[in-house]
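Asker: Have a look at this one before I ask anything.
The values are calculated or read from the model by the stated rules, or taken from the named source; none is laboratory data. Quick caveat: nothing in here was measured; it's all calculated off a predicted structure. In this analysis, Cβ positions are derived from the backbone assuming ideal geometry, glycine residues included, and neighbour counts consider all displayed protein chains. Heavy atoms of the whole protein, side chains included, go into the accessibility calculation; ligands, DNA and RNA do not. Shrake-Rupley method; radii C 1.70, N 1.55, O 1.52, S 1.80 Å.
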Amino acid sequence: MSDAGGPCESAVTMRDVQLLIAKKDEIEAQIKAYYDVLEDQKGVGMDAPLVDREGYPRADVDVYQVRTARHNIICLQNDHKDIMKQIEEALYSLHAHEKEKRSKDEAEAQAEARHHQQPLPEAFAKVDTVTPGSPASISGLQVGDEIVTFGSVNANNFQTLQNIASVVQHSEGKPLSVTVIRGGKSIPLSLTPQRWSGKGLLGCNIIPLKR
């Protein structure tokens with residue numbers, strides 16, 4: 001495994017996690033391919049004997065091919081266990097880093113809010129669900145957050161959820177400024193729409209607020 005694979009002392013990025021997930025998918029595809037080989041060899045699987053009743057190699061299967069496939073499956077399963085551990089550690093490191101950053105951002109936002117004592121801006125939508133490990137989750141977005149601004153979208157120009165979808169599609173890989181109301185406070189976040197292991201570019205569900 002290269003250094004790009006697992007978490008290290010430097011901050012783990014979403015890209016690091018995506019590379020690990022891609023490697024996991026590759027290993028799983030290889031395991032399936034070798035299982036297909038075993039299936040083609042009379043469905044011998046991982047445990048069926050490769051000798052006949054008299055102790056001679058079976059003539060109805062390619063013994064060498066079966067043994068090679070079984071050996072490779074075992075090795076790949078060990079690799080898969082390792083990569084899953086690396087993904088878990090990378091996600092933990094990523095969340096820890098983002099949690100620390102969020103705490104600092106929230107503290108600064110709260111201090112700013114106390115300083116100005118301004119009324120809260122109007123929200124136009126609400127976060128309904130957030131998938132763990134998604135770009136939305138990593139940005140600090142939480143269920144129940146009321147959205148005040150989402151990139152260029154705000155209460156004044158928001159019409160339908162298509163407004164948000166359009167901003168997301170045109171901002172893939174670029175950080176968006178998002179402001180939410182949480183616990184009676186206005187909180188600024190930075191959300192980067194991007195490909196991840198789940199569906200869409202955000203990994204959350206947003207519903208409009210009734211006016």
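Asker: For the range 68-90, does any single residue satisfy the condition of being among the aliphatic types (A, V, I, L, M), surrounded by 17 or more Cβ atoms within 10 Å (Cβ to Cβ) and outside any helix (DSSP H, G or I)?
Answerer: Within the range 68-90 (the criterion being among the aliphatic types (A, V, I, L, M), surrounded by 17 or more Cβ atoms within 10 Å (Cβ to Cβ) and outside any helix (DSSP H, G or I)), the answer is no, since none of the residues qualifies.
Asker: Another one. Tell me which of these S186 doesn't satisfy, since it passes every other one: (1) farther than 29 Å from Q18 by Cα; (2) under 27 Å from the mean Cα position of the chain (by Cα); (3) small (G, A, S); (4) outside any strand (DSSP E or B).
Answerer: Looking at each condition in turn, S186 falls short on (4).
Table: residues versus (1) outside any loop (DSSP other than H, G, I, E, B); (2) more than 22 Å from I87 (Cβ to Cβ).
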position	(1), (2)
T149	yes, yes
E172	no, yes
V178	yes, yes
S190	yes, yes
P193	no, no
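Asker: Check off (1) modelled with pLDDT under 95; (2) not in a helix (DSSP H, G or I) for K126 and give me the number that stays unchecked.
Answerer: All conditions pass for K126, except number (1).
Asker: Pairs, please: C-beta under 7 Å, at least 6 apart or cross-chain, first residue in contact (Cβ under 8 Å) with a residue 60 or more places away in the chain and of a type in the set (V, I, T) and in the range 14-38, second assigned to a helix (DSSP H, G or I) and open to solvent by less than 60 Å² (accessible area, probe 1.4 Å)?
Answerer: V17/I87; V17/A90; V17/L91; V17/L94; I21/I87
Asker: Test each condition in (1) part of a helix (DSSP H, G or I); (2) open to solvent by 20 Å² or more (accessible area, probe 1.4 Å); (3) more than 30 Å from A29 (Cβ to Cβ); (4) in contact with a strand residue (DSSP E or B) (Cβ under 8 Å, 6 or more places away or on another chain) for S137 and report the one that comes out false.
Answerer: (3)
Asker: Do we find that S166 is assigned to a helix (DSSP H, G or I), open to solvent by 30 Å² or more (accessible area, probe 1.4 Å) and either of a type outside the set (A, V, I, L, M, F, W, C) or modelled with pLDDT of 95 or more (or both) in this structure?
Answerer: yes
Asker: Quick check on the range 1-32: of everything there that is under 15 Å from the mean Cα position of the chain (by Cα) and open to solvent by 60 Å² or more (accessible area, probe 1.4 Å), which residue is modelled with the lowest pLDDT?
Answerer: T13
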